[in-house]
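Structure, as C-alpha cells:
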Amino acid sequence: MAPNLQLFSRTKQLEKQIDNFFDKLSESAVVYRLAVRVYLKEGVSEEFEERLVRVNKLETEADHLRRDIETQLYSNTLIPDSRGDVLGLIETVDQVMTLFEGSLWAFSIEKPDIPDAFRPGFKKLANMVVKAVDELGLGCRAFFRSPHDVPAYNHKVQLYEKEADILSTALKREIFDCDIDLSRKLHLREFVESIDSIADMAEDVADRLAIYSIKRTV
C-alpha cells in the first residue's frame, strides 16, 4: 500500500487556514496584474488605488493567517516532523505578497512616467511574473497533499522566472537605448527590476519547496 503523504489527516482547521493563506497569494497575483495594467493605461487612477488597497488588505490578512498558523503549529504540537518546513514555506510565500504590495506602493508614490513604447514590455513582464507566482501557489498546495507533484510546478516557476529575466533585460536595453534623460532611464530601470524581483523571489521559494518536498517523499 502506498504511504499516505497528506499532512492534514487530523488537522482540518489548520488545513483550512493554510488553503486560505494560499488563496490570498493567488488573489494578490491577479489583483497585482490588473493594477499594473490600469497604471499603464491610466496612471494612478481611482481604479489603480482600489487595486492597491485590495493588495494591501490581502497582505494584511495573510499576515494574520501566518501568525495563526504558527500559533496552532506550536501550541497544539501539530505535524511536528514537518513544522519547521511549513513555517519556512509560509513565511517566504508571505514575502512574495509583500513584494506585490511594495511594487504597487512604488507606482503610487513615485508615479513613473512610462513612454508608450515601453508599456507593452512592462505589461508582458508583469504577466510573466504573475505566471511564476501562480505556479508557485499550485506547488505549495501540492506540497501538503501530493508532494510528488511539486517538481512539475517548480519546473514551470523556473521557466517563467527565466522568461521574466529575458523580458526585463530586453526592456532595460530598450530604455537605455532611447533618447530620454539618464535620470528617467534610471527611474524606469528601478521599476523593471522591482517587478522582476517578484519572479526571482518566487523561484527562491520554489527552491526551498523542492527541498521540503524531497524530505517528505523519501
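Each value in this text was obtained by applying a stated rule to the coordinates, not by laboratory testing. Model, not experiment: these values are computed from the prediction. Please note: Cβ atoms are built from the backbone with ideal geometry, for glycine as well, and neighbour counts cover all protein chains shown.
Distance between the pseudo-spin-label points of Asp23 and Lys41 (7 Å out from Cα toward the beta carbon): 2.7 nm. Here Rg and Dmax of the Cα atoms in Å was calculated from the structure, and among (i) 23.3, 74; (ii) 18.9, 67; (iii) 16.8, 52 it sits at label (ii).
A simple spin-label model places pseudo-atoms 7 Å from Cα toward Cβ; at Lys215 and Leu186 they are separated by 4.3 nm.
Spin-label model, Glu193/Ala117: points 7 Å from Cα along the beta carbon direction are separated by 2.2 nm.
The alpha-carbon of Lys57 sits under 21 angstrom from the alpha-carbons of these lysines, leaving out residues fewer than 8 places away in its chain: Lys16, Lys24. Excluding same-chain neighbours fewer than eight residues apart, the lysines reachable from Lys123 by a Cα-Cα span under 18 Å are Lys41, Lys111, Lys131, Lys162, Lys172, Lys185.
Between Gln95 and His155, the C-beta separation translates, for a Förster distance of 30 Å, into a calculated FRET efficiency of about 0.90. Using a cutoff of 8 angstrom between alpha carbon atoms and counting only pairs six or more residues apart, the relative contact order for the chain works out to 26 percent. At the listed q of 0.12 Å⁻¹, the Debye profile of region 18-120, built from one uniform point per Cα, gives log10 I(q)/I(0) equal to -0.47. Listed by number, the DSSP H helices of the chain that run 15 Å or longer by alpha-carbon position along their axis and have mean Kyte hydropathy of at least -1.0 are 12-42, 83-110, 119-145, 150-177, 182-217.
What would the Debye formula give as log10 I(q)/I(0) at q = 0.17, 0.20, 0.23 Å⁻¹ for the alpha-carbon point model of region 100-218, no solvent? Ignoring solvent entirely, the Cα scatterers give -0.80, -0.98, -1.18.
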